[in-house]
Amino acid sequence: MKLALPNPTISAFVGHEQNTERFAGIALSIPLPLFNRRKGEATAIAGRLAQARNRLQATELNVEQEVHDAYGRYTAALRALRVSQEDVVAPARESFGLLEAAFNAGKLDLLSLSVAERQSFDARMVYLDAWFNYAAAKTSLDLAVGESA
């Protein structure tokens with residue numbers, strides 16, 4: 001590891017003695033690590049590295065769980081939308097059509113037709129609620145996997 005190696009330094013010096021002798025030179029110094037003060041620094045760096053790896057792993061697990069949850073909500077919303085379309089809206093539309101034909105033939109009064117129309121409207125509202133939940137779940141899934149919504 002680089003932190004265990006000494007740091008050599010090169011320096012220049014100039015001096016004089018008793019005002020008559022002047023001298024200059026170059027010095028090379030290599031510190032000897034008698035007391036390894038950088039060991040703590042290396043341990044701290046290793047600790048930060050382990051901490052960063054743990055944070056990365058936690059983030060990956062969090063993203064994986066978020067995608068899994070979003071996919072579960074998406075599939076549930078899709079099933080609810082299909083059930084609403086096939087088992088609620090289509091039969092209500094067909095039933096209302098038959099009742100409207102009966103009204104036009106004079107076999108049904110206006111009050112019964114308006115009750116049937118209200119029930120058909122409620123069925124469409126259930127479908128719209130299911131469609132909204134589906135769209136929200138799809139958007140949530142797209143965001144979880146990183147696609148732009």
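Using a Gaussian network model of the chain in which every pair of alpha carbons under 10 angstrom is joined by a spring, one finds that among G40, G25, G106 the greatest mean-square fluctuation is at G25.
A dipole drawn for the chain from +1 and -1 charges on Cβ atoms has a positive end, and of Y74, L28, S84 the residue lying farthest that way is L28.
Work out the charge dipole of the chain with +1 on the Cβ of Lys and Arg and -1 on the Cβ of Asp and Glu about the Cα centre, then indicate which of A102, T9, L49 is farthest towards its positive end. So the residue furthest toward the plus end is T9.
Given +1 at the Cβ of Lys and Arg, -1 at the Cβ of Asp and Glu and no other charges, the dipole of the stretch 22-149 around its Cα centre is 1400 debye to the nearest 20. When the P(r) is computed for the stretch 45-95, the part past 18 Å accounts for 60% of the Cα-Cα pairs.
The distance from the alpha carbon centre of the stretch 53-92 to that of the stretch 105-148 is 19 Å, rounded to a whole number. N54 sits among other residues whose Cβ lies under 13 Å from its own Cβ, and their net charge, with Lys and Arg +1 and Asp and Glu -1, is +2. The helix-based estimate of mean residue ellipticity at 222 nm for the chain, built from -39,500 (n - 2.57) per DSSP H run of four or more residues and divided by its residue count, is -23500 deg cm²/dmol to the nearest 500. The C-alpha atoms of the chain define a longest principal axis, and helix 39-83 lies at about 10 degrees to it. For the stretch 2-145, the equivalent ellipsoid derived from the alpha-carbon gyration tensor has semi-axes of 88, 16, 9 Å in decreasing order. Mean-square fluctuations from a GNM of the chain, with a 10 angstrom spring cutoff on Cα atoms, peak among Q51, Q18, Q65 at Q18.
Read-outs: derived from the displayed coordinates by stated rules, not from any lab. The structure presented is a predicted model; accordingly, all values stated were derived computationally and were not measured. Positions of Cβ are backbone-derived with ideal geometry, glycine not excepted, and every protein chain shown enters the neighbour counts.
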